[in-house]
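Some notes on the structure that comes next.
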Amino acid sequence: MAIKIPTEVNSEMTKKAPKKRSSWLTVLLFLLLLASVVAFAWSYTNYQKAQQQLAQFSTFEGQQQLAKDQIKQLVDEVSKLIILPTDEDPTVATVLDAAALAKDQPFYKDAKNGDKVIIYVKAKKAIVYDPVLQKLVNVGPIYINENAQTESTAPAAPVDNTPVNQPVEPVTPVNP
């Protein structure tokens, strides 16, 4: 006894299966399109922000503001390790040739290239800070030569000076 399936039922079953596939395919394509639009919007927004920052930092005022922000961030990091003077803005320099500095002045014997030298003229304090290890390398008093010209200089060694707000007299760290 063979069971005969009417052709109408068989044709209905075959018609419903492609509809399920096409509805899943439609949902999948819609989700891919939505994800693409969101990714494009995110990329475009980030591109616009980058363009604004580039335009801002390409001006002298923008570069000064960036330098002030970097100094503030550095001072904030160092202030977690030591009490810093609050009545003056520091002069900040980057050590470029640590070997030459150590040879000329023992104060810099443990300094490495890339370390930051923070000088407080009024407080007569010099700090060598390692931003990678986030540690103080050395701290000491400085001697300010009162007879020297008032130019912005760093402690008698090749360093990269960051712009500062006021001229600084030449300083020499005093070894304790």
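The values are calculated or read from the model by the stated rules, or taken from the named source; none is laboratory data. Fair warning: this is a prediction, and the values are worked out from it, not measured in the lab. All Cβ positions, glycine included, derive from the backbone under ideal geometry; neighbour counts span all protein chains shown.
Would you point out which residue out of A55, A99, A67, A50 is small (G, A, S) and closer than 18 Å to Y120 by Cα?
Working: A55 fails: closer than 18 Å to Y120 by Cα; A99 fails: closer than 18 Å to Y120 by Cα; A50 fails: closer than 18 Å to Y120 by Cα.
Among A55, A99, A67, A50, only A67 is small (G, A, S) and closer than 18 Å to Y120 by Cα.
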Subset of region 109-145 that is farther than 19 Å from D87 by Cα, of a type in the set (A, V, I, L, M, F, W, C) and in a loop (DSSP other than H, G, I, E, B) - its residue that is farthest from the chain's Cα centre (by Cα)
A111
Only one residue in A93, A111 is touching a helix residue (DSSP H, G or I) at 6+ places or on another chain (Cβ under 7 Å) and surrounded by 13 or more Cβ atoms within 10 Å (Cβ to Cβ). Which one?
A111
I'd like the full set of residues that are farther than 20 Å from P141 by Cβ and in a strand (DSSP E or B), limited to region 66-98.
T94
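So that you can scan it fast, the table gives a plain yes or no per residue for (1) at pLDDT 95 or above; (2) closer than 26 Å to E61 by Cα; (3) in contact with a Gly (Cβ under 9 Å, 6 or more places away or on another chain):
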position: A98; (1), (2), (3): no, no, yes
position: I118; (1), (2), (3): yes, yes, no
position: Q149; (1), (2), (3): no, no, no
position: N165; (1), (2), (3): no, yes, no
If you take the residues of region 32-77 that are within 26 Å of I118 (Cβ to Cβ) and basic (K, R), which of them is modelled with the highest pLDDT?
K72
